[in-house]
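Undergrad: One structure, as structure tokens, below. Some questions next.
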């Protein structure tokens, strides 16, 4: 399984309503792709408090690298990615992506 981890530093003018709308758009992709197991999204609840400004994020689990690539090529993902970049601090600099091959 491939775990796609995305952390976002949203601009300070982005409201909780806008953030929820962005995550709703993300979750709408779940039913459109084979090989996408689930998406979990939200605001950090870490008691450690070392998010370094990355207070929101999501994790998407895929069956394979090919399924992740299908997601990355999908028009809904491209539109969402552009929206994330537009609303992140410094654009793309406000987004961190980490993909992990998880043994099952």
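The values are calculated or read from the model by the stated rules, or taken from the named source; none is laboratory data. Note that the coordinates shown come from a computational prediction; the quantities given were computed from them, not determined experimentally. Don't worry about glycine lacking a Cβ; one is built from the backbone with ideal geometry, like all the others, and counts go over all protein chains shown.
Undergrad: Within the stretch 24-35, is even one residue touching a residue at least 60 places away in the same chain (Cβ under 8 Å) and either assigned to a loop (DSSP other than H, G, I, E, B) or surrounded by 13 or more Cβ atoms within 10 Å (Cβ to Cβ) (or both)? Even if it seems obvious, please write down each step before you answer.
TA: Narrowing the stretch 24-35 to residues touching a residue at least 60 places away in the same chain (Cβ under 8 Å): none.
No, every residue in the stretch 24-35 fails to be touching a residue at least 60 places away in the same chain (Cβ under 8 Å) and either assigned to a loop (DSSP other than H, G, I, E, B) or surrounded by 13 or more Cβ atoms within 10 Å (Cβ to Cβ) (or both).
To keep it simple, each residue is scored yes or no on (1) in a strand (DSSP E or B); (2) within 15 Å of the chain's Cα centre (by Cα); (3) modelled with pLDDT of 95 or more.
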| position | (1), (2), (3) |
| --- | --- |
| 14 | no, no, yes |
| 39 | yes, yes, yes |
| 54 | no, yes, yes |
| 72 | no, yes, yes |
| 78 | no, yes, yes |
| 82 | no, yes, yes |
| 86 | no, yes, yes |
| 96 | yes, yes, yes |
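Undergrad: Among (1) part of a helix (DSSP H, G or I); (2) under 17 Å from residue 94 (Cα atoms), which single condition is residue 50 missing?
TA: (1)
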